[in-house]
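The values are calculated or read from the model by the stated rules, or taken from the named source; none is laboratory data. These figures come from a predicted structure and were not determined experimentally. Cβ placement follows ideal geometry from the backbone for every residue including glycine, while neighbour counts extend to all protein chains displayed. Calculation scope for accessible area: heavy atoms of the full protein, side chains included, ligands and nucleic acids excluded. Shrake-Rupley method; radii C 1.70, N 1.55, O 1.52, S 1.80 Å.
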Amino acid sequence: DGGITQSPKYLFRKEGQNVTLSCEQNLNHDAMYWYRQDPGQGLRLIYYSQIVNDFQKGDIAEGYSVSREKKESFPLTVTSAQKNPTAFYLCASSRAGTGVTGELFFGEGSRLTVL
Amino acid sequence: GEDVEQSLFLSVREGDSSVINCTYTDSSSTYLYWYKQEPGAGLQLLTYIFSNMDMKQDQRLTVLLNKKDKHLSLRIADTQTGDSAIYFCAESRMDSSYKLIFGSGTRLLVRP
């Protein structure tokens, strides 16, 4: 079945450590996104990528990094520079821009807790 | 401004209708969407409406758009316990077709 797979589902990290969240899609979508979800704050865009080897900062990119070496994969690294990394992270993809139908396909999310 | 605003919580009795409201600020919005998030999961697109439409109906779901007031609503008829979830409205804009602006989500609780 086609879809988006995020791993790990739960992750614990000590302060000062970098951690990488995986996102893989087999939908043949060009665009991929990372969102952060905090209680009562909705989704905020961290990074997005319209095409392989290209990505843009979203609204809250500080303390995060991404790469897009393959169409299927868009890993997110939460660095030690991120001041408040505990959150639920959602990866999504879309065929191209969202302007036509806006359908983002989401993964199941990764919950990161910093101890 | 950038904000898309929703009330945080709605509780209804099973079988009643639910109405979830959303206001947005950007008049250049092209499409407006409703997404559903079940506990511990990602979001799924429920429905969307183009900005030149007033209403869209899809089975139990009715979307109303008042462009003058920048107000969007989602009505769920005959609400079931399986409809309990968080509902997000979102907009896409002419100047940023790769970015959706999401509201903070409305948590719908359906009481038996």
Next item on the list: Give the residue from B:29, B:76, A:10 lying farthest towards the positive end of the charge dipole for the protein assembly as shown; charges sit on Cβ (+1 for Lys and Arg, -1 for Asp and Glu) and the dipole is referred to the Cα centre.
Entry: A:10
Notebook entry, point to check: Ignoring ligands, DNA and RNA, what accessible area per residue does chain B give at 1.4 Å, in Å²?
Noted result: 49 Å²
Check: Does chain B come out rounded, prolate or oblate, given a ≥ b ≥ c as the square roots of the eigenvalues of its C-alpha gyration tensor, rounded meaning a/c under 1.5 and, failing that, prolate meaning a/b above b/c?
Finding: prolate
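Please report the antiparallel percentage of DSSP beta bridges with both residues in the protein assembly as shown, rounded to the nearest 5.
Counting DSSP beta bridges with both partners in the protein assembly as shown, the antiparallel share is about 90 percent.
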Next item on the list: Distance check, please: which entries in B:70/B:99; A:57/B:67; B:36/B:99 exceed 25 angstrom between their Cα atoms?
Entry: A:57/B:67
Checklist line | Mean separation of Cα contacts under 8 Å (6+ apart) over length of chain A, as relative contact order % | finding: 35 percent
Margin query: Can you give the local net charge around residue B:41? Use residues other than it whose beta-carbon is closer than 13 angstrom to its beta-carbon, Lys and Arg +1, Asp and Glu -1.
Written below: +1
Next item on the list: Measure out, as a whole number of angstrom, how far apart the alpha-carbon centroids of segment A:1-75 and segment B:7-67 sit.
Entry: 25 Å
Next item on the list: Let me know the charge dipole size of the protein assembly as shown about its Cα centre in debye, to the nearest 20, where only the beta-carbon of Lys, Arg (+1) and Asp, Glu (-1) is charged.
Entry: 280 debye
